[in-house]
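The values are calculated or read from the model by the stated rules, or taken from the named source; none is laboratory data. Fair warning: this is a prediction, and the values are worked out from it, not measured in the lab. Backbone-built Cβ (ideal geometry, glycine too); neighbour counts: all protein chains shown.
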Amino acid sequence: MSPSALASLAWPFEIGLHPVLDAFLSIFLICFVLVNFIAVYAGVSTLVERKIAGHMQARVGPYRVGWHGILQWAADALKLLLKEDIIGRNTDRLLFRLSPYVVFAGAFLCWVALPYGPNWSPTSMNIGILYLLAVASAGVIGILMAGWSSGNKWALFGAMRAAAQIVSYEVPVGLTLLAMLFVFGSLDMHEVIRQQAQGATWGLFPEAYGGIYSWGILRHFPFTAIAFIIYYIGALAETNRTPFDIPEAESELVAGYHTEYSGMRFSFFFLAEYANMFVVSAIATTFFLGGWLPPFPSVPSTGYAIAGGLAGAAVGYLKSRRGWDAMLGSGAGFAVGILVGAIQAPPGVDGAFTGSTLPEFVAGIFWFMAKVFSLIFVMIWLRWTLPRYRVDQLMDLCWKKLTPLAFVNLLAIGLLETRAEWWAALTGWLKG
Amino acid sequence: MAASDIVLNVVFYVFAAAAIAGAAGVAASRNIVRSAFALLAVLFSAAALYAVMKADFLAAAQVLIYVGGILVLIIFAVMLTHRITDVNVSNESTPGPAAVFAVLCLFVALGVTVLFAAKWPRGPEPRPAVAGGTDVLLLQYQADGKTGLGWGKGATHEDRAVLVVRVPRAPEGVEEVEFQVSAVPGWRGDWVRRRIAGGEARLELSKLPSDDPATPKVRENRLHWRVKLRDREGASRPDDPFDEQVDFTVYRGVTEPAARALAGPFLFAFEIASVLLLAALVGAAFLARKEVKEA
């Protein structure tokens, strides 16, 4: 596959039928692939989440279906498909049936504009982040629709809480992203990532180019790091994840806005939640963690292998305090290190990671997915660590703490970005 | 008709129908909450229509503000002001025949005005650049993929660009036009020579291979074009009017022009509109407060 063939991964695909048919078929194909990816990813994530929860609570989690329960997600999916579809007597039947699709569409529309690999998205647009914020906010309507049409007060309260929470937390999230737009000067997701391949102002050891020091999170340290934390908290709230899961707080509202849903319709809410987790993590990755850029592009594969071996040995030894486990862990870590080092493509001739060759393209997708799934892991980790907020505490955190902090942060980043201009103006004014 | 036009036409009719159906739902539904939800179809379809017209920024802003903000507000208001658990809150008023007639007349008048009187400028106006008494008009610029929500082969950051320059009154002996494209500030591209045929010269740039170190990466939202006139031997004329190198700046997409318009000529109108919204907000707070006092 040549670089130009990679570039033509964009749609419309040239399938070879009539061009109009090609266009609609490629839309269908892209959506088909994405929807199925979401379904499988959400299913596997539930299994991973339950396993992590189990181990954090000193139990084993799902264990019956398949080896160590690895087929549990398929069994769950089958169960959801076969469950009876119940529609209550007091529901508004039209809106009740419609709302799962509206909620899911709000999440799914984001997926077509995420930067999955070097310069590659299902569709590219120069207003990327604006589009993502816009369609993500459209999902709220579906939640309100679900809560109201259920004809159940718990569902209605859950929906009102969810809408209030999502609308409120859009403010600090939008402000932090605005601050990052000062830094990168583009709404285009890929342009934002390309900006992070250069422009490091400091570093512990010199990177030939790019690398972790030029990523958004370390660009204007510590302000962009604060922005990242605000964004991540806001993202947790917007996806209704613990500690912000008051819209579906079991102990207060049964299950919130999807109380009345069962079977396949319920699973759409479920898919939308996991799809939203991916989307907010992908936006965080794009703006703060360098998107599809490798973290240490000048470190050779051997460096990864050695680091992996040492880390594996340390984990193996600390886990059991036995030399054998340290050896085993070292071997496993060594293998993973070699794999990561091999996937991390060697830099090109001019030293820039452009993602235009096939190894770099694969490396880009690998790093993007690795960063996104790390952030999703942190979300799961927090869910099983922190208790739930109360409604008033949640609003207090948003409006009295995060929003003012985000404003101050915005000002600081703006001043840092324009420091040459205002410094020149200030000194010129002082000199007279 | 090009394939992309057919696709856009199909999408246009689908969303136009959805918008009309949604509007009919808003007006005809007996249930006020359903009316509010039917607005979703109207507003979303309007955004899709903007996207079909390649006004991608406007489309995203429409969804962000109207669907994500105002519609949520309306639904909240409807839910909070009525007995929300009662599904049968209905809209009982029906328009009289006079009202129907008046509205129809207005609609027909609007339609006639739009069809016959309104001027619809097609595409950007040619931008003249005059130097040494010779006009060079930038006629056409096209960069698919960056201008519409998702239409076109624009997955990489380089696009196909077409530049047509009209030289209506070429000086004696001038037969060719040279173009210089610069996309990155400070970068100077090669001069590309094109013949003037019928007073026009045309340059097409296809997607630049990004791994070729000689080609620039189009990282800006605009391209700079420079034009020179050459005679048949390729010698620069001693009186070449374009040795001063006239720059054409062409914007890709609509975000930047929209931003410039909002922060430039329309800044005052923009701020006045926000003052109006503030007044509405203060008024709403005042009304709500008064009600509480009386109770």
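Do we find a residue being of a type in the set (A, V, I, L, M) and closer than 15 Å to A:Thr224 by Cα anywhere in region A:414-425? Checked against the condition, which is being of a type in the set (A, V, I, L, M) and closer than 15 Å to A:Thr224 by Cα, region A:414-425 yields at least one hit. Scan region A:115-136 residue by residue and report those that are more than 8 Å from every other protein chain (Cβ to nearest Cβ), in a loop (DSSP other than H, G, I, E, B) and surrounded by 24 or more Cβ atoms within 10 Å (Cβ to Cβ). If the condition is that a residue be more than 8 Å from every other protein chain (Cβ to nearest Cβ), in a loop (DSSP other than H, G, I, E, B) and surrounded by 24 or more Cβ atoms within 10 Å (Cβ to Cβ), then A:Pro115, A:Pro118 are the ones that fit. Among the residues of region A:138-168, none is identified as over 29 Å from A:Asn90 (Cβ atoms) and facing another protein chain (nearest Cβ under 9 Å). Only one of the numbered conditions (1) more than 17 Å from the chain's Cα centre (by Cα); (2) modelled with pLDDT under 85; (3) not acidic (Asp, Glu) is violated by A:Ser121, and that is (1).
Return yes when A:Ala77 is away from chain B (no Cβ under 14 Å), assigned to a helix (DSSP H, G or I), buried (at least 16 other Cβ atoms within 10 Å of the Cβ) and small (Gly, Ala, Ser) and no when it is not.
Details: away from chain B (no Cβ under 14 Å): yes; assigned to a helix (DSSP H, G or I): yes; buried (at least 16 other Cβ atoms within 10 Å of the Cβ): yes; small (Gly, Ala, Ser): yes.
For A:Ala77, the condition - away from chain B (no Cβ under 14 Å), assigned to a helix (DSSP H, G or I), buried (at least 16 other Cβ atoms within 10 Å of the Cβ) and small (Gly, Ala, Ser) - is met.
On inspection, A:Arg97 does not qualify as in a loop (DSSP other than H, G, I, E, B) and surrounded by fewer than 23 Cβ atoms within 10 Å (Cβ to Cβ). Output the residues belonging to region A:386-432 that are acidic (Asp, Glu) and in contact (Cβ under 8 Å) with a residue 60 or more places away in the chain. Scanning region A:386-432 gives a single hit, A:Glu417. Of the numbered conditions (1) part of a helix (DSSP H, G or I); (2) at pLDDT below 85; (3) buried (at least 22 other Cβ atoms within 10 Å of the Cβ), A:Glu260 satisfies every one except a single condition; which is it? Unmet condition: (1). Taking helices (runs of 4 or more DSSP H) as the structural unit, those lying wholly within region A:374-432 and holding at least 3 residues that are touching a helix residue (DSSP H, G or I) at 6+ places or on another chain (Cβ under 6 Å) and not basic (Lys, Arg) correspond to A:403-417.
Consider B:Val26 carefully, then state whether it is within 13 Å of another protein chain (Cβ to nearest Cβ) and either surrounded by fewer than 21 Cβ atoms within 10 Å (Cβ to Cβ) or in a helix (DSSP H, G or I) (or both). Judged against the criteria, B:Val26 is not a match. A:Gly106 meets each of the listed conditions (1) crowded, with 23+ Cβ neighbours inside 10 Å; (2) within 9 Å of chain B (Cβ to nearest Cβ); (3) closer than 19 Å to A:Phe269 by Cβ apart from (2). A:Pro172 meets all of the listed conditions (1) over 19 Å from B:Met79 (Cα atoms); (2) facing chain B (nearest Cβ under 7 Å) but one, namely (2).
Scanning region A:233-244 for residues that are more than 18 Å from A:Ala272 (Cα to Cα) and in a helix (DSSP H, G or I) yields a count of 1.
Each row is one residue, and each column tells you yes or no for (1) modelled with pLDDT under 85; (2) surrounded by 15 or more Cβ atoms within 10 Å (Cβ to Cβ); (3) in a loop (DSSP other than H, G, I, E, B).
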site: A:Trp11; (1), (2), (3): yes, yes, yes
site: A:Ala23; (1), (2), (3): yes, yes, no
site: A:Phe37; (1), (2), (3): no, no, no
site: A:Gly54; (1), (2), (3): no, yes, no
site: A:Asn90; (1), (2), (3): yes, no, yes
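Output the residues belonging to region B:42-80 that are free of Cβ contacts under 8 Å to residues at least 12 places away in the same chain, within 11 Å of chain A (Cβ to nearest Cβ) and within 20 Å of the chain's Cα centre (by Cα). Listed by number, the residues that qualify are B:Ala61, B:Leu64, B:Ile65.
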